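The values are calculated or read from the model by the stated rules, or taken from the named source; none is laboratory data. Only a predicted model underlies this, so the values are computations on that prediction, with no experimental measurement involved. Here the Cβ positions follow ideal geometry from the backbone for every residue, glycine too, while neighbour counts run over all protein chains shown.
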Amino acid sequence: MMEININSKIEIAKLVTKIENHDDDLSTWAIKNIKGAQIIGITGVFGSGKSTLISKLAVKFLLEGKRVAVLGVDPSSPFSGGAVLGDRIRMKDLNRYENVYVRSLSSRGKVGGLSYFTADVVNLFDALGFDVIIIETVGSGQDEIDIYNIAHTIVVIQVPTLGDEVQVIKAGQMEIGDIFVVNKADQGPADEKIREIETLITPRENGWIPKIIKTVAVRNQNIDELKNAIEEHYSYLKKNNMLYEKLILRLKYLLKQHITFELDNLMDSSISSQIAESLLKEKSITGSVNEILKILGEKYGEGRNI
Amino acid sequence: MRKIRILIAKPGLDGHDRGAKVLARALMEEGFEVIYTGIHQTAEDIVRTAIEEDVDVIGLSILSGAHMYHFTRVLELMKKNGLNDVLLIGGGIVPNDDREKLRDMGVAEIFMPGTPINEISEFIRKNIKRPS
């Protein structure tokens, strides 16, 4: 379909913009040209040090001669649709390296920690021949688990002092981590946090026992250990023939995101009641919601159907 | 509609970034996607970020008095990299004589302290060089 100069950041950047703006042809091209890059997902509370950790981690891969793409997702405004994308502030170190491409994405109204077309952008990087792709999710709390569907290895970042031991047994992010990082370990009872995680963490579905690593990202402490753990997990997947399962997951997720995108757009449009009619098994919900909207409309003006 | 992407950057040693942050936030509220990169950026950093983020607009915030140097460098690198379709604007304390010179050099506009936000966002919407 096309000739792309992979050394041209301008060209790569324009392609990402196209995919972000829903270019199905390009998404298709990317799917067909997936080469099998290593994909790492970094998630955790905002302010836990995700961006700093990523910039240090990326350097380790760069020094091995690998080509690295970094994607940083930040939330969009529910009111204006705009966004402030600030992940790069902590990634200044990467400007010294040629073989890394960093891109900030707005979540563009999507919840779950990523944007609708993040999987497509990842496929694009993969197809363009990047060796390693690192994704930073929206700064998150407990339920931003979309990344599980895209990355081979999930790194969940925690910090000392936040939350008691009950937080560790809850559903959501604690279930998807392959590696837990206790970052800012110099700023509180890090060992206590590690013990909490250690006691309550269970093996993952595929048998992998999560690793826990203590880091101080700003001082570059224990980043090698983190990198080794990531490599170990990736080898584990490879050895047990699990990489293809991850690819299936990624592609299914991608399809679902495309459908959700269309659906969300349709629900904002004038034919939304027809959509609800055709999708919902129990018609009574649509009926009663419309009925109440009608009453409210008559009473307060602004009659609107769903 | 396509989202307009704006890079807000602070070049050089100037560390006064309150204005840049307020502007980043305000432009977000106007519906733009704003990439904010923090203080102490070199011209190389700024242009590299503009390329990687595929922005429509670069906005430099300068209060240090070194505006002639930084704008010149950024313009040079923009030309070198073929960023002809990117709008360059600025904000900060810039004397009127220098504003004229900068406009002649290719800076689209310099906004002075006290400029209403909607004036800036209107200017951006009207003057971006790529189809929106």
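Hey, among the residues in region A:208-218 that are closer than 18 Å to residue A:61 by Cα and of a type outside the set (Gly, Ala, Ser), which one's surrounded by the fewest Cβ atoms within 10 Å (Cβ to Cβ)? Spell out the reasoning first.
Restricting attention to region A:208-218, the residues satisfying the condition of being closer than 18 Å to residue A:61 by Cα are A:215, A:217-218.
Next, from what is left, pick out any that are of a type outside the set (Gly, Ala, Ser): A:215, A:218.
Numbers: A:215: 25, A:218: 14.
Filtering first and then ranking leaves A:218.
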TODO: With the condition kept exactly as written, say whether any residue in region A:37-47 is over 16 Å from residue A:70 (Cβ atoms) and either in contact with a Phe, Trp or Tyr (Cβ under 8 Å, 6 or more places away or on another chain) or among the polar types (S, T, N, Q) (or both).
DONE: no
Check your understanding: Restricting attention to region A:29-49, does a residue exist that is in the same structural domain as residue A:129 (by TED's automatic domain parsing), within 25 Å of residue B:6 (Cα to Cα) and in contact with a helix residue (DSSP H, G or I) (Cβ under 8 Å, 6 or more places away or on another chain)?
Key -> yes
Residue A:33 fails exactly one of (1) polar (S, T, N, Q); (2) away from chain B (no Cβ under 14 Å); (3) under 19 Å from the mean Cα position of the chain (by Cα), namely (3)
Filtering region A:136-154 down to residues that are in a helix (DSSP H, G or I) and under 11 Å from residue A:122 (Cβ atoms) yields A:147, A:149
Test: residue A:31 is in contact with a His (Cβ under 6 Å, 6 or more places away or on another chain) and over 14 Å from residue B:52 (Cα atoms): no
When (1) modelled with pLDDT of 95 or more; (2) β-branched (Val, Ile, Thr); (3) assigned to a helix (DSSP H, G or I) are applied to residue A:213, the one that fails is (3)
Only one of A:216, A:181 is free of Cβ contacts under 8 Å to residues at least 40 places away in the same chain and farther than 30 Å from residue A:23 by Cβ, namely A:216
Within region A:46-71, of all residues that are of a type in the set (Lys, Arg) and within 13 Å of residue A:97 (Cα to Cα), the one nearest to the other protein chains (Cβ to nearest Cβ) is A:67
Taking region B:45-69 and keeping residues more than 8 Å from chain A (Cβ to nearest Cβ) and within 25 Å of residue B:122 (Cβ to Cβ) leaves B:46, B:50, B:55, B:56, B:57, B:58, B:59, B:60, B:61, B:62, B:63, B:67
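Going by what's in this entry, would residue B:75 be described as surrounded by fewer than 22 Cβ atoms within 10 Å (Cβ to Cβ) and either within 11 Å of another protein chain (Cβ to nearest Cβ) or within 23 Å of residue A:8 (Cα to Cα) (or both)?
yes
Yes/no matrix, rows are residues, columns are (1) modelled with pLDDT under 85; (2) surrounded by 20 or more Cβ atoms within 10 Å (Cβ to Cβ):
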| site | (1), (2) |
| --- | --- |
| A:140 | yes, yes |
| A:150 | no, yes |
| A:154 | no, yes |
| A:189 | no, no |
| A:206 | no, no |
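I'd like to know if region B:26-44 contains one or more residues that are of a type in the set (A, V, I, L, M), more than 10 Å from chain A (Cβ to nearest Cβ) and closer than 23 Å to residue A:98 by Cα. Please lay out each step first, then the result.
Taking region B:26-44 as the starting set, the residues that turn out to be of a type in the set (A, V, I, L, M) are B:26-28, B:34-35, B:39, B:43.
This time we only want the ones that are more than 10 Å from chain A (Cβ to nearest Cβ), so: B:43.
Next cut, closer than 23 Å to residue A:98 by Cα only: B:43.
Yes; the residues of region B:26-44 include at least one that is of a type in the set (A, V, I, L, M), more than 10 Å from chain A (Cβ to nearest Cβ) and closer than 23 Å to residue A:98 by Cα.
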Screening A:230, A:248 for residues that are touching a strand residue (DSSP E or B) at 6+ places or on another chain (Cβ under 6 Å) and either modelled with pLDDT of 95 or more or surrounded by fewer than 14 Cβ atoms within 10 Å (Cβ to Cβ) (or both) leaves only A:230
For the structure I just gave you, tell me whether residue A:133 is touching a helix residue (DSSP H, G or I) at 6+ places or on another chain (Cβ under 8 Å), in a helix (DSSP H, G or I) and farther than 19 Å from residue A:24 by Cα. no
If we ask which residues in region B:104-132 are in a helix (DSSP H, G or I) and either touching a Phe, Trp or Tyr at 6+ places or on another chain (Cβ under 9 Å) or under 30 Å from residue A:18 (Cα atoms) (or both), their number turns out to be 12
Within region A:72-91, of all residues that are closer than 19 Å to residue A:265 by Cα and facing chain B (nearest Cβ under 9 Å), the one surrounded by the most Cβ atoms within 10 Å (Cβ to Cβ) is A:76
Within region B:76-132, residues being in contact with a Ser or Thr (Cβ under 8 Å, 6 or more places away or on another chain) and among the β-branched types (Val, Ile, Thr) number 0
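Every residue, every condition in (1) under 15 Å from the mean Cα position of the chain (by Cα); (2) at pLDDT 95 or above, yes or no:
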{"position": "A:8", "(1), (2)": "no, no"}
{"position": "A:19", "(1), (2)": "no, yes"}
{"position": "A:43", "(1), (2)": "yes, no"}
{"position": "A:62", "(1), (2)": "no, yes"}
Turns out the helices (runs of 4 or more DSSP H) fully within region A:228-306 with at least 2 residues that are farther than 30 Å from residue A:152 by Cα and among the hydroxyl-bearing types (Ser, Thr, Tyr) are A:272-279, A:283-300
